[in-house]
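Structure first, commentary second.
The values are calculated or read from the model by the stated rules, or taken from the named source; none is laboratory data. These numbers come from a predicted model, not from an experiment. Positions of Cβ are generated from backbone atoms using ideal geometry, with glycine treated the same way; all protein chains shown enter the neighbour counts.
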Amino acid sequence: MTDASISAAYDSRATDYVDVAGSIEQMDAADRRLIAAWRDATPGALLDAGCGPGHWTRFLRDGGRDVVGVDLSERFLATALARHPELRFERASLRALPFRDASFGGILAWYSLIHTPPAELPAIVAELARVHAPGGSLLIGYFEGTPGEPFAHAVTTAYFWDAESLGILLRDAGFTVTAHERRERVAGEPSTRPHGSVVAVRHGIGEIA
């Protein structure tokens with residue numbers, strides 16, 4: 001699946017997505033607590049990788065942080081800029097981020113890697129590692145299930161992962177997983193599929209996992 005096809009799919013469903021899951025108030029309280037705790041424990045500038053309409057970007061900024069959001073969807077970015085004109089958003093692919101090496105102390109990839117075919121995910125994780133400062137923290141949210149198995153997501157094909165399989169990819173890119181969770185969704189959330197997340201710390205040059 002290409003960046004162009006993912007972008008086109010989300011552009012075509014952007015209004016529906018924003019209506020259902022475009023604000024912090026629509027997000028599960030457990031997600032908000034997790035991301036707030038990660039934000040407050042993570043030093044340096046933050047990147048919201050796959051920011052959508054910008055609600056998590058604003059949430060990160062509300063913690064008093066320097067933050068930038070990137071996304072492929074032009075319609076998502078238009079919504080993000082209209083809602084949060086004081087924040088910085090850029091159109092960019094996670095395959096080739098327009099930032100210098102070690103630019104960020106923390107990267108949030110909240111359900112933004114789910115459409116990447118399994119064979120292509122290591123390259124994206126390596127790019128996240130490139131812009132990640134040593135000692136910084138990465139938080140990934142995903143759908144929990146059989147690793148690499150595709151399913152019919154509401155927007156376009158997505159893939160399940162689990163903490164063990166993601167941990168291997170992260171280790172190979174220079175990260176160590178420090179925490180992970182799995183939980184069932186509850187009534188009222190935008191999705192019914194089980195949720196998973198991992199937190200991983202970026203090694204310094206020459207360090208071994």
Exercise. Under 7 Å by Cβ, and 6 or more places apart or on different chains, what pairs join a residue from region 136-149 that is aliphatic (A, V, I, L, M) with one that is crowded, with 17+ Cβ neighbours inside 10 Å and part of a loop (DSSP other than H, G, I, E, B)?
Worked result: ILE140/LEU113
Exercise. All but one of (1) under 19 Å from PRO43 (Cβ atoms); (2) modelled with pLDDT of 95 or more hold for ILE205; which doesn't?
Worked result: (2)
Seminar exercise, completed: For region 84-134 the number of residues that are part of a helix (DSSP H, G or I) and either touching a Gly at 6+ places or on another chain (Cβ under 6 Å) or not basic (Lys, Arg) (or both) is 12
For this session: Would you mind telling me which numbered condition in (1) surrounded by 20 or more Cβ atoms within 10 Å (Cβ to Cβ); (2) part of a helix (DSSP H, G or I); (3) among the aliphatic types (A, V, I, L, M) VAL68 fails?
Result: (2)
For this session: Answer yes if at least one residue in region 95-113 is touching a residue at least 60 places away in the same chain (Cβ under 8 Å) and more than 20 Å from SER197 (Cβ to Cβ), and no otherwise.
Result: yes
Exercise. If you check LEU87 against the conditions, is it touching a residue at least 40 places away in the same chain (Cβ under 8 Å), among the aliphatic types (A, V, I, L, M) and more than 14 Å from SER7 (Cα to Cα)?
Worked result: no
